[in-house]
1. Check L80, L20, L85 and return the single one that is open to solvent by less than 10 Å² (accessible area, probe 1.4 Å), assigned to a loop (DSSP other than H, G, I, E, B) and in contact (Cβ under 8 Å) with a residue 12 or more places away in the chain.
2. Condition check: open to solvent by 70 Å² or more (accessible area, probe 1.4 Å), in contact with a strand residue (DSSP E or B) (Cβ under 6 Å, 6 or more places away or on another chain) and under 21 Å from V2 (Cβ atoms). Does R71 satisfy that?
3. Can you say whether F29 is touching an Asp or Glu at 6+ places or on another chain (Cβ under 7 Å), farther than 18 Å from V111 by Cβ and open to solvent by 30 Å² or more (accessible area, probe 1.4 Å), as far as the supplied structure shows?
4. With respect to A49, determine if the residue is within 10 Å of the chain's Cα centre (by Cα) and surrounded by 16 or more Cβ atoms within 10 Å (Cβ to Cβ).
5. Scan segment 53-68 for residues that are open to solvent by less than 70 Å² (accessible area, probe 1.4 Å), part of a strand (DSSP E or B) and not hydrophobic (A, V, I, L, M, F, W, C) and jot them down.
Amino acid sequence: QVQLVESVGGLVHPGGSLSLSCAASGTIFSIAVMGWYRQVSGKQRELVARVFSGGSINYAESVKGRFTISRDNAKNTVYLQMNNLEPEDTAVYYCNARIDGTVHWGQGTQVTVSS
């Protein structure tokens, strides 16, 4: 049984930083892509950033220059470093991974940016 376990989000002031991690566990042969999505109540879930096994990275335009995604293949873990956070970054953040051809989601973690 494959699971994605996310770190806890939190409350951050505007301009602050927060780091998220997501570890995949279980029987895993290959992970094609790992990434983060976010969702605000009443809106569609959107891609934040993702990193492919070959090293390619995609970022949403709204987070470019502020967020950095990285991946530790040996630990099957993906990280999201979020800097200069804005109130508009407030959302539930979900880890996502395509593992052995199947898409998996984490349980979601709340990130709130507010003064």
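The values are calculated or read from the model by the stated rules, or taken from the named source; none is laboratory data. In this text the structure is predicted, and so the values were computed from the model without any measurement. Every residue, glycine among them, receives a Cβ derived from its backbone with ideal geometry; neighbour counts consider all protein chains shown. Side chains are part of the model used for accessible areas, which takes the heavy atoms of the whole protein and leaves out ligands, DNA and RNA. Shrake-Rupley method; radii C 1.70, N 1.55, O 1.52, S 1.80 Å.
1. Working: L80 fails: assigned to a loop (DSSP other than H, G, I, E, B); L20 fails: assigned to a loop (DSSP other than H, G, I, E, B).
Every option except L85 fails the conditions.
2. On the way: open to solvent by 70 Å² or more (accessible area, probe 1.4 Å): no; in contact with a strand residue (DSSP E or B) (Cβ under 6 Å, 6 or more places away or on another chain): yes; under 21 Å from V2 (Cβ atoms): yes.
Criteria not met by R71.
3. On the way: touching an Asp or Glu at 6+ places or on another chain (Cβ under 7 Å): yes; farther than 18 Å from V111 by Cβ: yes; open to solvent by 30 Å² or more (accessible area, probe 1.4 Å): yes.
Yes, satisfied.
4. Considered against the rule, which asks whether it is within 10 Å of the chain's Cα centre (by Cα) and surrounded by 16 or more Cβ atoms within 10 Å (Cβ to Cβ), A49 comes out as yes.
5. Within segment 53-68, N58, Y59 meet the criteria.
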